[in-house]
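Peer 1: Structure in structure tokens, see below.
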Amino acid sequence: MRRRIQGLHEADQSAASRVRDGLLLVRVERAHHCWDSRKPFYLVRFSILEPKELAGHSFAGRIYCTPRALWKLNWFLRDFGYDTELLGRDEIDEKSLIGLCGVVKISHTVVTGTSLLNLDGFAPASRWEELSSTVPASTSQTEVAP
């Protein structure tokens, strides 16, 4: 059986090292719900819009939907401008996620030899100018939006 895996040819170590820790203005390219009995999550592929030197690159991250992690999913949806009517009905339409823009703060962690990308915080795209000029690229703060 053959499977087409979008982006496989781009998934080398040199590509991963180009996306540094810090704040990025991004657009959602794809979102897919992945069911796991212990930790269901949304796998979200982001396309970088700013800073200009990283524009065009993309990366993927997980946003978990366990009861303890729903606050982060809600934060992402709210700050990226997800439909408030759907959010009010506790519904997520994966097609409605595509094209949403916002600011994300990322960091990398190594756990037992595996490099993991963390989505540490979110902010509305309208705050990009303010945040990108005042917060250094590598900050120890774990929150982007107050």
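No value in this document is a laboratory result; all are computed from the given coordinates. Keep in mind that what you see is a predicted model, and the values were worked out from it rather than measured. When we count neighbours, we look across all protein chains shown, and the Cβ atoms used for this are built from the backbone with ideal geometry, even at glycine.
Peer 1: So what's the net charge close to Arg68: Lys and Arg +1, Asp and Glu -1, counting the other residues with Cβ under 13 Å from its Cβ? It would help to have the intermediate numbers written out before the result.
Peer 2: On the way: positive: Arg38, Lys39, Lys72; negative: none.
Residues close to Arg68 contribute a combined charge of +3.
Peer 1: By how many nm would the segment from Glu85 to Cys34 lengthen if fully extended, with 0.36 nm per residue of separation less the alpha-carbon distance? Please list the in-between numbers first.
Peer 2: Values: separation 51, 0.36 × 51 = 18.36 nm, distance 2.34 nm.
Full-extension gain reported as 16.0 nm.
Peer 1: Kirkwood-based Rg over Rh for segment 15-133 (C-alpha set), two decimals?
Peer 2: Numbers: Rg = 14.1 Å, Rh = 14.8 Å.
Reported Rg/Rh (Cα atoms, Kirkwood Rh): 0.95.
Peer 1: Could you calculate the contour length gain from Arg20 to Ser126, that is, 0.36 nm times the residue separation minus the distance between their Cα atoms, to one decimal place in nm? Write down the numbers at each step before the final one.
Peer 2: On the way: separation 106, 0.36 × 106 = 38.16 nm, distance 2.17 nm.
That works out to 36.0 nm of additional length.
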